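Chemist: Structure provided below as structure tokens; questions to follow.
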Amino acid sequence: MAGKQPATAIEARGISKVFGSGQNETRALDDVSMQIRPNEFFTLLGPSGCGKTTLLRMVAGFEVPNSGAVFLGDEDITGTPPNRRPVNTVFQNHALFPHLSVARNVAFGLEMLGKPRKEISDTVARMLALVRMEQFANQATNQISKSQKLRVALARALAPRPEALLLDEPLIALDHKLRKEMQLELKRLQAETGIAFVFATQDQQEALTMSDRIAVMNAGHMIQIGSPEDIYSRPSGRFVASFIGESNFFEGTVQSVKGDVADIRMPSGHIVTARLGAAKPEGSVTFAVRPEHVRLEQFGVAGTMPAKVTQAVYSGTDTHCHLELDGGERLVARLQNAASGGPAYDKGMRAGVRFDEGAAHVLAD
Amino acid sequence: MATMETSASSASNHEALANSRRTRNSWLLSLPAVLLLLIGASGPLLVLLVCSFLEPGDYGGVIWKPGIEAWFKTIFSDGIGGDAIQLADAHLLIFWRSVKVSLLTVLVTFALGFPTAYFIATRPRPQRTVWLFLITIPFWSSLLIRTIAILEMIRGEGVINTLAIWIGFIDQPMQMLHTEGAVLLGMAYVYLPLMVLPLHASIERFDFRLLEAGYDLYANRWQVFRRIVLPLAGPGIVAGSILVFVSSLGAYVTPRVLGGDESAMIASLIGYQFSQAENWPLGAALAILLLAAVAIVLVIFIRTLCAERADDR
């Protein structure tokens, strides 16, 4: 990543889209911009209805923005119909052609591009091998399982070697185990083909494990774009901090600033040192602390905030301790369970709360 | 364990028994319809078949004397002197016209019906019901009355000619009645719903996201239609075409009223043999020929369609 910035594969510039009119008007996208690099796994992450599907459809050519533009490399493709864009989509329901065999499905795009027969059959064989579906070439698409359908949809969309592959929540219909398996599979396909993947999902875990970069969207707005680590440990605002992973939020006022950290006084009177990031270092602020960065110690240990355990929820690897500080603030601590089993803290116990160094992060909003 | 297995197998036996009883019972349910078909279709067909191998009575009916003259006469006619054998030109002409007009009717109803069915199937659901209802409205009035209404439009002093002369497009009334075009017009009108309804049924089940997948994979509009829409509408196209073709080939009222003697079709010819010509065996033979023609066309049609689908795969 160091050195010169690579050219973009796809760029969306200031896209806005309004559906309906008058009373029923909904703003699906509001001034959304993103730049997708070649050979990157880019994820659009947000709750359902946040506009990620609309944005994908705009890149694919199924929707035209009310304002803004879509670029493929340096070329403005805002008005280009989908069949003339070198961009392919893996649809949520896979949309395999039911009247064609697996191999004919994969061949479809190449046939439409008028490739020679030999090249088509070679590419189809290569693609089916890539997604490990060689032995199903002549099956009908209603004779294969859901995850196999996804593999065929991937092969079909990759066969014409598009500039970018758009994936619209393709894993949503799979059960947990297959989902995990296909996540790895998608990652492998992206690495092997070197094609930019634009992947829409509402599953933050999926986004964190698969992506090179994540774009978090909400209510038609682009909230934050960054690496999984950026998004997780330096969320720009309250939405990102709560949508990706869990967060404890605290109010406070800035007491003093030292470089990019500030001492913040909570209403309960405790002083917490927090990273500032892009937030303005003055007045009343909100800061966030991840539950796994909250430590519990003996009650009364110096430098800890006295608290009471209100609830302890055991969940296998961890125990979630719901706590109330003596000043009134509530928070959750995630404590890894020891090998010896049971949780160390239980409902009603007193404890001292401490945040890991650098765990507190001031939010911009 | 052993007892459990026994009870499980006895349960499955029980189930199999219940299943077989269910099949037997459901067969019984179809009995009235089967009986009706036997009495209404197979019985008369048998009568016709027997009839065609007998000799005609002087004033209609048959004489119980076996012969194949009727079958001979369907294709050949005695020459003027009685010694030369010629092809029965009139019969062949009518046969050919019937097949031609029926095929054209299929083409016209498909060309008109497909966009209509597509339009209806892509409306929101409540609207669809209204449109389908509108399509079936013509069925509410008698076929004869509707056909006579068309006759009123296109005859020599009919609405169209009168209007055209009044505006000044033409000086003389056009001959529209008693032409093949008139028959085609009438049949296309009468049988259009038979094409639209099955087409609609198959287009309605369509997953329209497949069309997007087609566009996404570089297909243009025509290719999407040819490679995705048409194959998926296949069952509807076959059903609609068969319904329209079979109905057209056997149509009596419409060709009779709009085609007259000049553009008679096979049903009129059969009717003529049973009434004016008083030659029941010939009528019966012609009717069986018609049936055979329909069967052959159907088989060819379905074969080619199946072959094409297998080819696509």
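The values are calculated or read from the model by the stated rules, or taken from the named source; none is laboratory data. As the structure is a computational prediction, the values presented were derived from the model and not from experiment. Positions of Cβ are generated from backbone atoms using ideal geometry, with glycine treated the same way; all protein chains shown enter the neighbour counts.
Chemist: Go through the range B:169-192 and give me each residue that's outside any loop (DSSP other than H, G, I, E, B) and either touching a residue at least 12 places away in the same chain (Cβ under 8 Å) or buried (at least 19 other Cβ atoms within 10 Å of the Cβ) (or both).
Modeler: Passing the criteria: B:Glu180, B:Ala182, B:Val183, B:Leu184, B:Leu185, B:Gly186, B:Met187, B:Ala188, B:Tyr189, B:Val190, B:Tyr191, B:Leu192.
Chemist: Also, quick follow-up: Of the residues in the range A:36-62, how many are outside any strand (DSSP E or B) and either under 17 Å from A:Leu158 (Cβ atoms) or away from every other protein chain (no Cβ under 11 Å) (or both)?
Modeler: Qualifying residue count, the range A:36-62: 18.
Chemist: When the range B:104-146 is examined, which residues are found to be touching a residue at least 24 places away in the same chain (Cβ under 8 Å), among the hydrophobic types (A, V, I, L, M, F, W, C), within 18 Å of B:His200 (Cβ to Cβ) and surrounded by fewer than 16 Cβ atoms within 10 Å (Cβ to Cβ)?
Modeler: Across the range B:104-146, the qualifying residues are B:Leu112, B:Phe139.
Chemist: Kindly indicate the residue of the range A:327-359 that is in contact with a Lys or Arg (Cβ under 7 Å, 6 or more places away or on another chain) and surrounded by 13 or more Cβ atoms within 10 Å (Cβ to Cβ) and also nearest to A:Arg295 (Cα to Cα) among those meeting that condition.
Modeler: For the range A:327-359, the residue satisfying everything is A:Arg354.
Chemist: Tell me, please, whether a residue that is more than 14 Å from every other protein chain (Cβ to nearest Cβ) and modelled with pLDDT under 95 can be found in the range A:84-103. Reasoning before the result, please.
Modeler: First, pick out the residues of the range A:84-103 that are more than 14 Å from every other protein chain (Cβ to nearest Cβ): none.
No - not one qualifying residue is present in the range A:84-103.
Chemist: Determine if the range A:192-210 includes at least one residue that is within 26 Å of A:Val240 (Cβ to Cβ) and hydroxyl-bearing (Ser, Thr, Tyr).
Modeler: Initial filter on the range A:192-210 (within 26 Å of A:Val240 (Cβ to Cβ)): A:196-210.
Going one step further and asking which of them are hydroxyl-bearing (Ser, Thr, Tyr), we end up with A:201, A:209.
Yes, because at least one residue in the range A:192-210 is within 26 Å of A:Val240 (Cβ to Cβ) and hydroxyl-bearing (Ser, Thr, Tyr).
Matching residues to (1) buried (at least 22 other Cβ atoms within 10 Å of the Cβ); (2) within 26 Å of B:Val224 (Cα to Cα):
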site: A:Gly22; (1), (2): no, no
site: A:Thr53; (1), (2): no, yes
site: A:Gly61; (1), (2): yes, yes
site: A:Val64; (1), (2): no, yes
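Chemist: Okay, next question. Condition test on A:Gly109, is it within 10 Å of another protein chain (Cβ to nearest Cβ) and either buried (at least 17 other Cβ atoms within 10 Å of the Cβ) or of a type in the set (S, T, N, Q) (or both)?
Modeler: yes
Chemist: Turning to a different aspect of this structure: Report, by residue number, each residue of the range A:190-228 that is farther than 30 Å from A:Thr123 by Cα, among the polar types (S, T, N, Q) and in a loop (DSSP other than H, G, I, E, B).
Modeler: A:Gln202, A:Ser227
Chemist: Do you know which of the residues in the range A:136-150 that are surrounded by 14 or more Cβ atoms within 10 Å (Cβ to Cβ) and either touching a residue at least 60 places away in the same chain (Cβ under 8 Å) or in contact with a strand residue (DSSP E or B) (Cβ under 8 Å, 6 or more places away or on another chain) (or both) is farthest from the other protein chains (Cβ to nearest Cβ)?
Modeler: So the residue we want is A:Leu150.
Chemist: Moving to a separate point now. In the range A:67-83, which residue that is outside any loop (DSSP other than H, G, I, E, B) and more than 8 Å from chain B (Cβ to nearest Cβ) is surrounded by the fewest Cβ atoms within 10 Å (Cβ to Cβ)?
Modeler: It comes out as A:Glu75.
Chemist: Does at least one position in the range B:154-176 carry a residue that is among the basic types (Lys, Arg) and more than 14 Å from every other protein chain (Cβ to nearest Cβ)?
Modeler: Yes, because at least one residue in the range B:154-176 is among the basic types (Lys, Arg) and more than 14 Å from every other protein chain (Cβ to nearest Cβ).
Chemist: Moving to a separate point now. Could you grab me the full set of residues in the range A:181-209 that are surrounded by fewer than 17 Cβ atoms within 10 Å (Cβ to Cβ), within 18 Å of A:Tyr232 (Cα to Cα) and either in contact (Cβ under 8 Å) with a residue 40 or more places away in the chain or within 8 Å of the chain's Cα centre (by Cα) (or both)?
Modeler: A:Asp203, A:Gln205
Chemist: Residues in the range B:224-231: is at least one more than 14 Å from chain A (Cβ to nearest Cβ), crowded, with 19+ Cβ neighbours inside 10 Å and β-branched (Val, Ile, Thr)?
Modeler: Scanning the range B:224-231 turns up no residue that is more than 14 Å from chain A (Cβ to nearest Cβ), crowded, with 19+ Cβ neighbours inside 10 Å and β-branched (Val, Ile, Thr).
Chemist: For the range B:204-216, what are the residues that are assigned to a helix (DSSP H, G or I) and either on the phi > 0 side of the Ramachandran plot or within 14 Å of chain A (Cβ to nearest Cβ) (or both)?
Modeler: Answer for the range B:204-216, where residues must be assigned to a helix (DSSP H, G or I) and either on the phi > 0 side of the Ramachandran plot or within 14 Å of chain A (Cβ to nearest Cβ) (or both): B:Arg209, B:Leu210, B:Leu211, B:Glu212, B:Ala213, B:Gly214, B:Tyr215, B:Asp216.
Chemist: While we're looking at this one, here's another question. When you go through (1) closer than 30 Å to A:Ala360 by Cβ; (2) without any contact (Cβ under 8 Å) to a residue 60 or more places away in the chain; (3) touching a Lys or Arg at 6+ places or on another chain (Cβ under 7 Å) one by one for A:Gln224, which number turns out not to apply?
Modeler: Unmet for A:Gln224, out of (1) closer than 30 Å to A:Ala360 by Cβ; (2) without any contact (Cβ under 8 Å) to a residue 60 or more places away in the chain; (3) touching a Lys or Arg at 6+ places or on another chain (Cβ under 7 Å): (3).
Chemist: In the set A:Arg126, A:Arg132, A:Arg151, which member is in a helix (DSSP H, G or I) and within 27 Å of the chain's Cα centre (by Cα)? Walk me through how you get there before you give the answer.
Modeler: On the way: A:Arg126 fails: within 27 Å of the chain's Cα centre (by Cα); A:Arg132 fails: in a helix (DSSP H, G or I).
From the options A:Arg126, A:Arg132, A:Arg151, the qualifying one is A:Arg151.
Chemist: Given the conditions (1) more than 10 Å from every other protein chain (Cβ to nearest Cβ); (2) within 25 Å of B:Thr129 (Cα to Cα), and given that B:Val257 satisfies all but one, which numbered condition is not satisfied?
Modeler: The single condition B:Val257 does not satisfy is (2).
Chemist: Among the candidates A:Ala307, A:Ala302, A:Ala288, single out the residue that is modelled with pLDDT of 90 or more and more than 22 Å from A:Ser242 (Cα to Cα).
Modeler: Exactly one residue qualifies, and that residue is A:Ala307.
Chemist: Can you tell me which residue is farthest from B:Leu192 (Cα to Cα) among those in the range B:208-264 that are among the aromatic types (Phe, Trp, Tyr) and free of Cβ contacts under 8 Å to residues at least 60 places away in the same chain? Let's see the steps before the verdict.
Modeler: Residues of the range B:208-264 among the aromatic types (Phe, Trp, Tyr): B:208, B:215, B:218, B:222, B:225, B:245, B:252.
After this cut, where a residue has to be free of Cβ contacts under 8 Å to residues at least 60 places away in the same chain as well, the list is B:215, B:218, B:222, B:225, B:252.
On the way: B:Tyr215: 31, B:Tyr218: 34, B:Trp222: 24, B:Phe225: 21, B:Tyr252: 17 Å.
Going through the qualifying residues, I end up with B:Tyr218.
Chemist: In this structure, does A:Leu44 turn out to be among the aliphatic types (A, V, I, L, M), in contact (Cβ under 8 Å) with a residue 40 or more places away in the chain and within 20 Å of A:Leu165 (Cα to Cα)? Before you say what the answer is, go through the steps one by one.
Modeler: On the way: among the aliphatic types (A, V, I, L, M): yes; in contact (Cβ under 8 Å) with a residue 40 or more places away in the chain: yes; within 20 Å of A:Leu165 (Cα to Cα): yes.
Judged against the criteria, A:Leu44 is a match.
Chemist: Would a scan of the range A:84-91 turn up a residue that is surrounded by fewer than 16 Cβ atoms within 10 Å (Cβ to Cβ), in the same structural domain as A:Phe197 (by TED's automatic domain parsing) and assigned to a helix (DSSP H, G or I)?
Modeler: Yes, there is a match, as at least one residue in the range A:84-91 is surrounded by fewer than 16 Cβ atoms within 10 Å (Cβ to Cβ), in the same structural domain as A:Phe197 (by TED's automatic domain parsing) and assigned to a helix (DSSP H, G or I).
Chemist: Considering only the range B:248-283, how many residues are of a type in the set (Gly, Ala, Ser), at pLDDT 85 or above and over 20 Å from the mean Cα position of the chain (by Cα)?
Modeler: Counting residues in the range B:248-283 that are of a type in the set (Gly, Ala, Ser), at pLDDT 85 or above and over 20 Å from the mean Cα position of the chain (by Cα) gives 2.
Chemist: B:Phe206 - would you say it is over 27 Å from B:Arg97 (Cα atoms) and modelled with pLDDT under 90? Steps first, please.
Modeler: On the way: over 27 Å from B:Arg97 (Cα atoms): yes; modelled with pLDDT under 90: yes.
So B:Phe206 passes the test.
Chemist: Restricting attention to the range A:154-180, report how many residues are in contact (Cβ under 8 Å) with a residue 24 or more places away in the chain and not in a loop (DSSP other than H, G, I, E, B).
Modeler: The total comes to 12.
Chemist: Which one of these does B:Glu278 not meet: (1) part of a helix (DSSP H, G or I); (2) in contact with a Pro (Cβ under 9 Å, 6 or more places away or on another chain)?
Modeler: (1)
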